[in-house]
1. How large is ³J(HN,Hα) for each residue in segment 177-186, as worked out from phi by the Karplus curve 6.51 cos²θ - 1.76 cosθ + 1.60 (θ = phi - 60°), to whole Hz, x for Gly and Pro?
2. Give me the 1.4 Å probe accessible area per residue for segment 195-235, excluding ligands and nucleic acids, in Å².
3. Quick check on packing: order 145-155, 118-128 by the mean number of other C-beta atoms within 10 Å, highest mean leading.
4. Just grab the label-to-label distance for Glu15 and Lys93, each label 7 Å out from Cα along the Cβ direction, in nm (one decimal).
5. Determine, from the Cβ-Cβ distance of Ser29 and Lys218 and an R0 of 41 Å, the FRET efficiency 1/(1 + (r/R0)^6), rounded to the nearest 0.05.
6. Carbon and sulfur atoms: what percent of the 1.4 Å accessible area of segment 138-221 do they account for?
7. Can you classify segment 35-114 as rounded, prolate or oblate using the Cα gyration tensor, where a ≥ b ≥ c are the square roots of its eigenvalues, rounded means a/c under 1.5, and otherwise it's prolate if a/b beats b/c and oblate if not?
8. Give the long-range amide H neighbours of Val10: residues separated by 5 or more places, or on another chain, with amide H under 5 Å away, using H modelled in the peptide plane at 1.01 Å from N.
Amino acid sequence: VNNIAHMDEVWVVSEGAGENLRSLGYKGSYRVMPNGTDFKRGRADEDKVAALRQKLGIAGDEIVFLFVGRMMWYKNTGLIVDAMKILADKGAKCKAVFVGSGEDKHAIEEYVAQLKLNDRVIFTGPVYDREELRVYYSLADMFTFPSTYDTSGLVVREAAACDCPSLLVKGSCASEGVEDRVSGYLCEESAESCAEAMLEAINDREKLKEIGKTAGEKVYYSWESAVADARRAYE
């Protein structure tokens, strides 16, 4: 905090990150300079999306919920699993796809098995190829990212690049700039609230697509735009 206080200018990736500095004792000003994604705007080829759906064994009428990131409990991955249990009990037609690896991956897989959700939750492991990852975002109907840990939701912008709306926790850094039921879905930090929003998406797929398109227009923020904004700030 002492080092930061001696700077002429302080940039943070989100308002929440700035408020975190405040909580540590920083009293100066800061400028929010959000991260941009290297993803170009646009969905993957529909043939590739169809091939991935077949590979993962997802029926054509099933909604796909996607998580991309480190497989850690502190990213609220458990909320997604618990929400899927609620949806399963209601007989909702949906699958959840987890892309990534991490220290808690095995424990999360065990929890899914414990809840008897193996037929509804798919673990792919990490996907490093960016264009292959685009196919996953294009397959997804909703990107589920209930993390309150991250100071910036870069994956939310990646999803928006493919017109995929995100489900986020109200007040989280990842939810900054997302308007509820307009450019994304906001929920409370509970499995019940997550499941309610997910069920709403399942029951109104036209609205889901409309919100996804708005996410692409309003939430997507390119690396080129981020660099241009940074250059103007430096000047």
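1. Each residue of segment 177-186 in turn: x, 9, 9, 4, 6, 10, 10, x, 10, 10 Hz.
2. On the way: 2650 Å² over 41 residues.
Here the per-residue accessible area is 65 Å².
3. Numbers: 145-155: 21.4, 118-128: 14.5.
The most tightly packed comes first, giving 145-155, 118-128.
4. It works out to 4.0 nm between the two label points.
5. Values: r = 27 Å, r/R0 = 0.65.
About 0.95, to the nearest 0.05.
6. Numbers: 1410 of 3240 Å².
Accessible surface attributable to carbon and sulfur in segment 138-221 totals 43 percent.
7. Numbers: a/c = 1.99, a/b = 1.17, b/c = 1.70.
Oblate shape, in that a/c is at least 1.5 and b/c is the bigger or equal ratio.
8. Arg31
The values are calculated or read from the model by the stated rules, or taken from the named source; none is laboratory data. For clarity, every value in this text was computed on a predicted model and none was experimentally measured. A quick note on method: Cβ atoms are made from the backbone with ideal geometry, for glycine too, and the neighbour counts reach across all protein chains shown. For accessibility, only protein heavy atoms count, side chains too; no ligands or nucleic acids. Shrake-Rupley method; radii C 1.70, N 1.55, O 1.52, S 1.80 Å.
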